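Here is the structure we will look at, set down as structure tokens.
The values are calculated or read from the model by the stated rules, or taken from the named source; none is laboratory data. If you're wondering where the values come from, they're calculated on a predicted model, not measured in any experiment. Note that each Cβ is placed from the backbone with ideal geometry, even for glycine, and that neighbours are counted across all protein chains shown.
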Amino acid sequence: MQDKIRQLQAVNPQLQIRPITDPVYLRYGQVLADYDTREIVARAQALVPPTDAVVYEPAVPALEVYAEINERIEKEVFGGMPVQVGWCYGRNLRMAGLEYHKGSEVNVALTDMILLLGSELDIVRGETISYPTRLAEAFFVPAGMAFEMAPWCLHYAPLQTTRDGSFATLVYLPRGTNYPLPYTVKPQGENRLLYAVNKWLLIHPDQTEEVAKGAYPGLDGDDIVLVPLA
């Protein structure tokens with residue numbers, strides 16, 4: 001893992017890339033080191049389809065079939081709350097946006113990947129709402145790693161680490177999260193960020209298609225783009 005981080009760091013001097021096991025990650029969540037991910041990773045890796053886009057599916061029936069790790073995550077991390085098991089996969093090299101939920105998220109990495117993370121506490125709230133992209137931090141996650149992102153952790157789609165590769169991760173969330181909102185709210189205060197069920201989103205202004213769909217252009221500063229390994 002350290003060799004790959006050093007290689008990525010060498011071609012991305014603008015970023016400080018830390019392993020997710022670095023104590024700094026405790027600002028955002030925790031590594032779930034005692035969870036055996038082998039069975040669920042093998043199951044998912046055999047199913048994940050190739051794509052050049054970024055795909056997110058909140059719940060995938062084949063992933064929700066009983067697995068010991070699924071039961072443990074639901075009972076131990078989420079305290080018995082109903083949990084959905086989905087995935088995010090594809091090709092991506094930029095931050096593009098940051099979101100948060102009112103509850104934790106657990107991921108199990110199916111590939112090596114980079115996370116770009118921030119803290120909800122650093123969101124500037126006033127007449128406008130913004131998050132300075134310069135505050136985001138980068139973490140390397142090896143395939144097979146399970147980890148929790150706390151409710152205040154700003155995150156979005158992971159980044160692939162190689163030019164011709166892709167990323168994939170399992171996503172555990174409270175059931176119903178990220179589905180379309182069945183109602184509308186007044187566009188004021190934090191409501192302006194509410195983009196889906198239990199999903200508050202700040203998008204980079206350059207993501208014009210997402211802005212046109214109603215995403216709030218709240219990322220302030222340059223978008224972060226990763227240079228992948230050859």
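If only residues of region 33-75 that are basic (Lys, Arg) and either part of a loop (DSSP other than H, G, I, E, B) or without any contact (Cβ under 8 Å) to a residue 40 or more places away in the chain (or both) are counted, the one that is nearest to residue 151 (Cα to Cα) is 75. Among all positions in region 6-19, there is no residue which is under 19 Å from residue 176 (Cα atoms) and surrounded by 13 or more Cβ atoms within 10 Å (Cβ to Cβ). In this structure, is residue 26 over 19 Å from residue 168 (Cβ atoms), within 19 Å of the chain's Cα centre (by Cα), modelled with pLDDT of 95 or more and surrounded by fewer than 16 Cβ atoms within 10 Å (Cβ to Cβ)? Considered against the rule, which asks whether it is over 19 Å from residue 168 (Cβ atoms), within 19 Å of the chain's Cα centre (by Cα), modelled with pLDDT of 95 or more and surrounded by fewer than 16 Cβ atoms within 10 Å (Cβ to Cβ), residue 26 comes out as yes.
Check region 98-117 and report whether any residue there is among the β-branched types (Val, Ile, Thr), in contact with a Phe, Trp or Tyr (Cβ under 9 Å, 6 or more places away or on another chain) and either within 20 Å of residue 203 (Cα to Cα) or in a loop (DSSP other than H, G, I, E, B) (or both). Yes, that holds for at least one residue.
Restricting region 1-32 to residues that are touching a Leu at 6+ places or on another chain (Cβ under 9 Å) and charged (D, E, K, R), which is farthest from residue 147 (Cα to Cα)? Once the filter is applied, the top-ranked residue is 4.
Scanning region 76-94 for residues that are in contact with a Phe, Trp or Tyr (Cβ under 8 Å, 6 or more places away or on another chain), under 23 Å from residue 214 (Cβ atoms) and either among the hydrophobic types (A, V, I, L, M, F, W, C) or in a loop (DSSP other than H, G, I, E, B) (or both) turns up at least one hit. Considering only residues that are touching a helix residue (DSSP H, G or I) at 6+ places or on another chain (Cβ under 9 Å) and in contact (Cβ under 8 Å) with a residue 60 or more places away in the chain, look in region 200-214 and name the one that is farthest from residue 164 (Cα to Cα). Within region 200-214, the match that is farthest from residue 164 (Cα to Cα) is 200. Against the condition out of contact with any strand residue (DSSP E or B) (no Cβ under 8 Å at 6 or more places or on another chain), modelled with pLDDT of 95 or more and acidic (Asp, Glu), how does residue 36 come out, does it pass? Here the answer is yes, as residue 36 does meet what is asked.
Residues in region 27-56 that are farther than 18 Å from residue 76 by Cβ and of a type in the set (A, V, I, L, M): 41, 42, 44, 46, 47, 48, 53, 54, 55.
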